[in-house]
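Beneath this line is the structure, given in structure tokens, with notes to follow.
The values are calculated or read from the model by the stated rules, or taken from the named source; none is laboratory data. Owing to the predicted nature of the structure, the values given are computational and were not obtained by experimental measurement. Counting neighbours? That spans all protein chains shown, and the Cβs are built from the backbone with ideal geometry, glycine included. Quick note on the areas: whole protein, heavy atoms, side chains included, nothing else; ligands and nucleic acids left out. Shrake-Rupley method; radii C 1.70, N 1.55, O 1.52, S 1.80 Å.
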Amino acid sequence: NADSAMNKAKESGRNTYHFFTPELDAKAQAKRAIERDLRKAVQSFDEFHVVYQPIVDIKTGQMKSAEALVRWHSAERGLVSPEQFIPLAERNHLIMPIGEWVLETACREIQDWSRQSQTPFRVSINLSSRQFREQNLPDVVKGVLDRTGFDPNQLSLEITETLMMENLDEALVMLHELKKMGVRLSIDDFGTGYSSLNYLKRFPLDTLKIDRMFVRDVTSNPEDAAMVAAILTMAQSLNLEVVGEGIETLEHNNFLREKGCQLGQGYYYSRPLRIEEFNLFAEKRELENTG
Ligand code: C2E
Ligand code: MG
Ligand code: MG
Ligand code: MG
């Protein structure tokens with residue numbers, strides 16, 4: 001495979017022709033082609049949209065907020081997963097324009113929706129570590145809030161453990177600046193990175209999201225069950241709000257509810273939805289809750 005070809009190329013020193021295996025070349029070419037398409041797409045953003053996945057109060061079933069997730073529907077490639085193009089965008093500096101576009105689009109769309117429904121509503125947006133390293137993030141966020149009139153208290157930014165560890169001091173300064181603006185901060189995919197309780201305490205966090213990897217087998221794997229229970233206990237003592245991610249079944253949901261997890265997100269409640277469908281989902285929930 002490509003990695004071992006690369007290693008062999010390194011080992012063999014002078015014989016670097018090993019590097020140019022047809023397989024590796026094809027892979028590199030395919031990647032470059034995606035990058036080219038992505039760069040083009042970022043010029044107009046016509047091929048991008050944002051979907052929203054409800055985050056629900058596990059006890060009452062009420063929708064409390066939503067996570068904004070970017071989608072790229074390429075004319076040539078069809079729907080490309082963010083798992084595929086976000087890492088590419090991070091390597092090519094395209095994550096800055098994409099990140100800002102998602103932020104602005106989500107604030108605008110949720111703002112319109114909140115006005116119509118007269119329900120103040122929170123939206124959560126993912127940040128990449130590059131956005132911390134290559135731009136003054138608080139300025140970018142402030143610009144978007146000014147342009148859209150979005151209430152900073154309704155905005156939550158999701159960061160990962162890796163992001164915090166990579167450029168600790170700089171990240172800390174920016175996070176404190178964001179907090180001062182009134183923005184909320186969540187730690188995403190918790191448990192998959194270098195979780196150090198010490199860092200959790202040092203960062204000005206509001207919310208912790210338990211990675212779906214732990215939730216998946218929570219009813220069949222005692223270790224995962226213990227892990228989730230421990231995270232919940234710890235979060236409680238740190239006064240953090242907790243979201244269980246990847247809730248797919250009633251069993252997942254019941255387990256998390258019994259352990260005291262307040263909020264849930266996952267296919268059991270809803271897949272990520274386009275804004276129009278999201279509106280319908282919200283209306284229906286409202287009816288269920290009042291009626
Ligand atoms: P994430 O932030 O952890 O987002 C949650 C992912 O889990 C989403 O995948 C969502 O569709 C998926 N998911 C939600 N509920 C379930 C469930 O019940 N079961 C399963 N199997 N999956 C579920 P998606 O949209 O493909 O995004 C993948 C990752 O890409 C995100 O993980 C996030 O790290 C990144 N990403 C997505 N949008 C953005 C963005 O606008 N900016 C940045 N920087 N990253 C983004
Ligand atoms: Mg997220
Ligand atoms: Mg996550
Ligand atoms: Mg993830």
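Which number in (1) surrounded by fewer than 20 Cβ atoms within 10 Å (Cβ to Cβ); (2) under 25 Å from GLU161 (Cβ atoms) marks the one condition that VAL123 misses?
Exception for VAL123: condition (1).
Listed residues GLY143, GLY149; which is on the phi > 0 side of the Ramachandran plot and more than 20 Å from the chain's Cα centre (by Cα)? First the steps, then the outcome.
Values: GLY143 fails: on the phi > 0 side of the Ramachandran plot.
After applying the criteria, what remains is GLY149.
Yes/no matrix, rows are residues, columns are (1) more than 17 Å from ILE159 (Cα to Cα); (2) within 16 Å of ligand 2 (Cβ to nearest atom):
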residue	(1), (2)
MET174	no, no
VAL183	no, yes
GLY191	no, yes
ASP206	no, yes
THR219	yes, no
GLU223	yes, no
MET227	yes, no
THR233	yes, no
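This table checks each residue for (1) buried (at least 16 other Cβ atoms within 10 Å of the Cβ); (2) under 16 Å from LEU79 (Cα atoms); (3) modelled with pLDDT under 60.
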| residue | (1), (2), (3) |
| --- | --- |
| ASN1 | no, no, yes |
| ALA9 | yes, no, yes |
| PRO22 | no, no, no |
| ASP25 | no, no, no |
| GLU35 | yes, yes, no |
| PHE48 | yes, yes, no |
| ILE55 | yes, no, no |
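Condition check ((1) of a type in the set (Val, Ile, Thr); (2) more than 18 Å from the chain's Cα centre (by Cα); (3) away from ligand 4 (no atom under 16 Å from the Cβ)) across all residues:
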{"residue": "PHE45", "(1), (2), (3)": "no, yes, yes"}
{"residue": "VAL51", "(1), (2), (3)": "yes, no, no"}
{"residue": "ILE55", "(1), (2), (3)": "yes, no, no"}
{"residue": "VAL70", "(1), (2), (3)": "yes, no, no"}
{"residue": "SER74", "(1), (2), (3)": "no, yes, yes"}
{"residue": "ARG77", "(1), (2), (3)": "no, yes, yes"}
{"residue": "GLU83", "(1), (2), (3)": "no, no, no"}
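Taking the range 204-221 as the search range and keeping residues that are under 14 Å from MET234 (Cβ atoms) and hydrophobic (A, V, I, L, M, F, W, C), which one is nearest to ligand 1 (Cβ to nearest atom)?
Residue satisfying both the conditions and the ranking: ILE210.
Listed here are the residues, each with its yes/no results for (1) part of a helix (DSSP H, G or I); (2) in contact with a helix residue (DSSP H, G or I) (Cβ under 7 Å, 6 or more places away or on another chain); (3) closer than 28 Å to ARG202 by Cβ; (4) without any contact (Cβ under 8 Å) to a residue 40 or more places away in the chain.
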{"position": "SER220", "(1), (2), (3), (4)": "no, no, no, yes"}
{"position": "ASP224", "(1), (2), (3), (4)": "yes, yes, yes, yes"}
{"position": "ASN239", "(1), (2), (3), (4)": "no, no, yes, yes"}
{"position": "HIS252", "(1), (2), (3), (4)": "yes, yes, no, yes"}
{"position": "CYS261", "(1), (2), (3), (4)": "no, yes, yes, no"}
{"position": "TYR269", "(1), (2), (3), (4)": "no, no, no, no"}
{"position": "PHE278", "(1), (2), (3), (4)": "yes, no, no, no"}
{"position": "PHE281", "(1), (2), (3), (4)": "yes, no, no, no"}
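Could you say which residue among LEU168, LEU232 is out of contact with any Asp or Glu (no Cβ under 6 Å at 6 or more places or on another chain), of a type in the set (A, V, I, L, M, F, W, C) and within 17 Å of SER129 (Cα to Cα)?
Values: LEU232 fails: within 17 Å of SER129 (Cα to Cα).
Criteria check complete, one pass: LEU168.
When you check LEU205 against the structure, is it open to solvent by less than 10 Å² (accessible area, probe 1.4 Å), in contact with a Ser or Thr (Cβ under 9 Å, 6 or more places away or on another chain) and away from ligand 4 (no atom under 16 Å from the Cβ), yes or no?
So LEU205 does not fit the description; no.
Quick grid of which residues meet (1) modelled with pLDDT under 85; (2) within 16 Å of ligand 4 (Cβ to nearest atom):
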site: THR160; (1), (2): no, yes
site: LEU163; (1), (2): yes, yes
site: ILE187; (1), (2): no, yes
site: GLY193; (1), (2): yes, yes
site: SER196; (1), (2): yes, no
site: TYR199; (1), (2): yes, no
site: VAL215; (1), (2): no, yes
site: THR219; (1), (2): no, no
